[in-house]
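The values are calculated or read from the model by the stated rules, or taken from the named source; none is laboratory data. For clarity, every value in this text was computed on a predicted model and none was experimentally measured. Positions of Cβ are backbone-derived with ideal geometry, glycine not excepted, and every protein chain shown enters the neighbour counts. Ligands, DNA and RNA are excluded from the accessible area calculation, which covers all protein heavy atoms including side chains. Shrake-Rupley method; radii C 1.70, N 1.55, O 1.52, S 1.80 Å.
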Amino acid sequence: ALHGPATDDLAGRHVVVSAGGTREPLDPVRFLGNRSSGKQGYAVAAEAARRGARVTLVSANVALPTPPGCEAVQVGTALELQEAVEAAVDAGDVDVVVMVAAVADFRPAHYAQSKIKKTHGEGDESAPVIELVRNPDILAGLVQDRAGAGRPFIVGFAAETGDGTGDVLELARDKLQRKGCDLLVANEVGVDKAFGQDTSTVHLLRPDSQEAVTVGPATKDVIATAIWDVVAAELG
Ligand code: CTP
Ligand code: CA
């Protein structure tokens, strides 16, 4: 109602949206995490529900109310997020997956059952080294596993700061190719950009087009609307 005329162009569709940021535990009181607030993912889920979709919202560590019309599944770690997304997709009726969540690329190789202590005896000044192992790439796995060509339609997000090897758009174009998804939403991130903010700028990239559609600086609701405009047109 807040967002202009009601559309129901996603009626009858089942969409899965992952949101938030995973936390990888080191011991019962500590984890490796990231700055994702979940705002963009929740906006994507809310907009899909508004347009008539059935929405499964796989939510990792988000302190926001579940948007109306969404069914939330709470997860903590990358492995739990993978299990929840794959369980939803395996049910067979999913039309679209949008991976907005910031998924940890690595997790601690070992989990300490009790709190890690600072010292191991008198005069011990040593510091531990945290060994990491890779987490599975959930998005790439979804692309690989999909049986029928083009279903579900898979959307990835790319958090990019730009670096010595390329600007945000160049890095995103490479990432789209690597992941093999159907739409990549490249998000310009930085200390005060995107994470936790109410507005951001994104570039929508398609594998079959050199042109990127830039949206923003805009609210995360406006960005969510632009994403579903593209996806709904694609679903036909
Ligand atoms: N993603 C995922 N599984 C992971 C890491 C990321 O499914 N283990 C998804 C994210 O949800 C996002 C997309 O992949 O939709 C891109 O995430 P990003 O961190 O930007 O890309 P990476 O491939 O992890 O590359 P890098 O962090 O090195 O830029
Ligand atoms: Ca990553």
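Normalised Debye scattering of the chain at q = 0.09 Å⁻¹ gives log10 I(q)/I(0) of -0.39, counting only Cα atoms as equal scatterers and leaving out solvent. For region 166-236, the spread of Cα coordinates along the three principal axes comes to 33, 30, 18 Å, biggest extent given first. This model, with +1 at the C-beta of Lys and Arg and -1 at the C-beta of Asp and Glu, gives the chain a dipole about its Cα centre of some 340 debye.
Each stretch of four or more DSSP H residues adds -39500 (n - 2.57); spread over every residue of the chain, this sum gives -8000 deg cm²/dmol at 222 nm. Scattering from region 25-122 was approximated by placing one identical point on each alpha carbon and applying the Debye formula without solvent; log10 I(q)/I(0) at 0.16, 0.17 1/Å stands at -0.74, -0.81. What region 140-236 shows is 50 Å² of accessible area per residue, with the surface traced by a 1.4 Å probe over protein heavy atoms.
Among the GluC sites (Glu not before Pro) within region 83-152, those in coil by DSSP and having at most 14 neighbouring Cβ atoms inside 10 Å are 122, 125, 131. Considering only 171, 123, 20, whose Cα is most displaced toward the positive end of the charge dipole of the chain, charges sitting on Cβ of Lys, Arg (+1) and Asp, Glu (-1)? Projecting each Cα onto the dipole axis, the largest value belongs to 123. When the pairs 39/179; 117/179; 39/175 are compared against a 32 Å limit on Cα-Cα distance, 117/179 fall above it. For the pair region 112-152 / region 157-192, the C-alpha centres are spaced 23 Å from each other. Annotation for region 155-236: GluC sites (Glu not before Pro) lying in DSSP loop with at most 10 further Cβ atoms inside 10 Å of their Cβ are 211. Computed over neighbours whose Cβ is under 9 Å from that of residue 69, the net charge equals +1, Lys and Arg +1, Asp and Glu -1.
Remark: region 115-213 projects, on average over all directions, an area of 10.7 nm² (convex hull of Cα atoms).
Hydrodynamic estimate: the Kirkwood radius of region 18-66 over Cα pairs, inserted into Stokes-Einstein at 37 °C and 0.692 mPa s, corresponds to D of 279 µm²/s.
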